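In what follows, a structure is listed as structure tokens, so that the remarks can point back to it.
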Amino acid sequence: MKKVKLFLVLGFVAFGLSGCVNLDLLLPDAKYAWTEATKICNDYRSNNIAANKKWIGQYVRTSGEILSISQSRTGSDLIVSVSDTSTNKSFFAFYFKPTEENLKKIYTLKSGQYITLLGQISQILTSKQTSPTPNDSSCSVIVDPSSFY
């Protein structure tokens, strides 16, 4: 009788664990790692080839102050720039499609507001080409697609 109970208990534990293997189904935002634009940009400034390999395609989540809310030149995307530092030399640029749901949320945002956003890194850019000193360049981490947390 003890063997049957032990077997049943182990079976339930194994079944329960196997159901939690894919956390993305239960917790969709579990794949989003907390990070800072400063960390990504420092990696990029040190070695942009290695940084691109490490960061492009990664899912990230960050909190910070909204620097600006704008629209892309083509009008096809809405952009919310967020800085996680006081220097604003490193920041995230979160790109949103102008869907009705996104527009409703973006209409409520204001520069200076603190916000948490998440998305997938698609590009890292610096103003290094135009800056006289590479360490003084600004850096933006492009996150597209993005979503509100």
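Looking for something in the same structural domain as Ile142 (by TED's automatic domain parsing), at positive phi and of a type outside the set (Gly, Ala, Ser) - is there at least one such residue anywhere in segment 84-104? Before you say what the answer is, go through the steps one by one.
Step one: of segment 84-104, the residues in the same structural domain as Ile142 (by TED's automatic domain parsing) are 84-104.
In the following step, the residues that additionally are at positive phi were identified as 88.
Narrowing the set further to residues that are of a type outside the set (Gly, Ala, Ser) leaves 88.
Yes: one or more hits.
If I go through segment 73-97 residue by residue, how many of them are exposed (fewer than 14 other Cβ atoms within 10 Å of the Cβ) and either small (Gly, Ala, Ser) or closer than 28 Å to Ala30 by Cβ (or both)?
Pass one, segment 73-97, residues exposed (fewer than 14 other Cβ atoms within 10 Å of the Cβ): 73-76, 86-87, 97.
Pick out the ones that are also either small (Gly, Ala, Ser) or closer than 28 Å to Ala30 by Cβ (or both) and you get 75-76, 86, 97.
Within segment 73-97, residues that are exposed (fewer than 14 other Cβ atoms within 10 Å of the Cβ) and either small (Gly, Ala, Ser) or closer than 28 Å to Ala30 by Cβ (or both) number 4.
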* Tally of residues being modelled with pLDDT under 95, of a type outside the set (S, T, N, Q), more than 18 Å from the chain's Cα centre (by Cα) and not in a helix (DSSP H, G or I) across segment 91-111 -> 1
* Asked: Among all residue pairs at least 6 apart or on different chains, which show Cβ distances below 8 Å where the first residue, located in segment 53-80, is at negative phi and in a strand (DSSP E or B) and the second is of a type in the set (A, V, I, L, M) and loosely packed, with under 12 Cβ neighbours inside 10 Å?
  -> Tyr59/Ala33; Val60/Ala33; Arg61/Ala33
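Out of Lys54, Lys105, Lys31, I need the residue that is among the basic types (Lys, Arg), surrounded by 14 or more Cβ atoms within 10 Å (Cβ to Cβ) and farther than 18 Å from Ser147 by Cα. Which one? Working first, answer last.
Details: Lys105 fails: farther than 18 Å from Ser147 by Cα; Lys31 fails: farther than 18 Å from Ser147 by Cα.
Answer to the check: Lys54.
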* Can we say Asp84 is under 20 Å from the mean Cα position of the chain (by Cα), closer than 14 Å to Ser146 by Cβ, of a type in the set (Asp, Glu) and at pLDDT below 90? -> no
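The values are calculated or read from the model by the stated rules, or taken from the named source; none is laboratory data. Owing to the predicted nature of the structure, the values given are computational and were not obtained by experimental measurement. Don't worry about glycine lacking a Cβ; one is built from the backbone with ideal geometry, like all the others, and counts go over all protein chains shown.
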